[in-house]
């Protein structure tokens, strides 16, 4: 029998049918999303948790593992090789991030105008960014080869001494920074060009009416308007710099004499060359914490700037 609620009559059979329909729709929805859930769990969540447990163990990927607690992390603090890798990564980051952001801003401002072939210029700036790091490494390995490379041939014709390039411990890391700038600056240019489209033309015009020149408009109008974009680029480029690996792997293999061994290459080397997987996992989680701290600090700064 139907029950009466106020002036409305509710049929129990209709209510049961609605529940069955809702369960059917829910099951159908889960059937569609379950493959993605399995992939996400299998390729991200499970490996993250497994590697976290691995960082507290001695494991060579073959023998049964042994729980050692924080021993791997304590060993990292005393490992001079890891200290050198951290130092090289910080040098790379400190050079690459500000130079790529500043160069990207300067080029974007130069290209933010209506001139002939402007689309071609923008494309040429962005093209190096879409070239894979592996391809870049192979290209510059040929160009900078100490014996047969084009660079030393040019230096010889100019009457300058030949350089060791990637075989010179004093040059290799800085050459990696230069190659990364060649490819990574284009991304900053494109993002800044997009940000420049959002700068208020009314504010720019008002500043010019008040007598501000190009530098005044840039300092008091353009740069403050681009602050969120700049914070995003600093965060993005910092994360990329701290995780640099493929360019090092293709060009120098961490050499010469360990002068280009960065953190991620150190992690790879410990895991797949010396088979100390637990130690490698500890280094990986140390890097993950560093990335998390950088991300949180920049996000807090961005929110403070936005709230002003």
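Residues in the stretch 274-290: is at least one in contact (Cβ under 8 Å) with a residue 40 or more places away in the chain and under 30 Å from residue 145 (Cα atoms)? No, there is no match, as no residue in the stretch 274-290 is in contact (Cβ under 8 Å) with a residue 40 or more places away in the chain and under 30 Å from residue 145 (Cα atoms). Among residues of the stretch 294-308 that are surrounded by 12 or more Cβ atoms within 10 Å (Cβ to Cβ), those with a Cβ under 6 angstrom from a residue that is part of a helix (DSSP H, G or I) and modelled with pLDDT of 80 or more, sequence gap 6+ or separate chain, pair up as 294/238; 298/231; 298/235; 302/231; 305/227. Among the residues making up the stretch 193-215, those that are in a helix (DSSP H, G or I) and modelled with pLDDT of 80 or more are 193, 194, 195, 196, 206, 215. Look at (1) over 26 Å from residue 232 (Cα atoms); (2) in contact with a helix residue (DSSP H, G or I) (Cβ under 6 Å, 6 or more places away or on another chain); (3) surrounded by fewer than 15 Cβ atoms within 10 Å (Cβ to Cβ) and you find that residue 134 fails only one, number (1).
Tell me, which residue of the stretch 148-162 that is within 19 Å of residue 179 (Cβ to Cβ) and in contact with a helix residue (DSSP H, G or I) (Cβ under 9 Å, 6 or more places away or on another chain) is surrounded by the fewest Cβ atoms within 10 Å (Cβ to Cβ)? It comes out as 148. Is it true that some residue in the stretch 195-202 is closer than 25 Å to residue 126 by Cα, under 17 Å from the mean Cα position of the chain (by Cα) and in contact (Cβ under 8 Å) with a residue 40 or more places away in the chain? No, that holds for no residue. Among the numbered conditions (1) touching a helix residue (DSSP H, G or I) at 6+ places or on another chain (Cβ under 9 Å); (2) surrounded by fewer than 20 Cβ atoms within 10 Å (Cβ to Cβ); (3) not in a loop (DSSP other than H, G, I, E, B), the only one that residue 253 does not meet is (3). For the structure I just gave you, tell me whether residue 275 is at pLDDT below 90 and either under 28 Å from residue 47 (Cβ atoms) or buried (at least 18 other Cβ atoms within 10 Å of the Cβ) (or both). Yes: the conditions hold for residue 275. Given the criterion over 19 Å from residue 245 (Cα atoms) and in a helix (DSSP H, G or I), identify the matching residue among 151, 134, 162. Just one listed residue meets the conditions, 151. One residue stands out in the stretch 101-120 among those that are part of a helix (DSSP H, G or I) and modelled with pLDDT under 85: the one that is surrounded by the fewest Cβ atoms within 10 Å (Cβ to Cβ), namely 119. Before we move on, is residue 186 at negative phi and crowded, with 20+ Cβ neighbours inside 10 Å? Judged against the criteria, residue 186 is a match.
The values are calculated or read from the model by the stated rules, or taken from the named source; none is laboratory data. As the structure is a prediction and not an experimental result, all values here were calculated from the model. For neighbour counting, all protein chains shown are included, and Cβ atoms are generated from backbone atoms with ideal geometry for every residue, glycine included.
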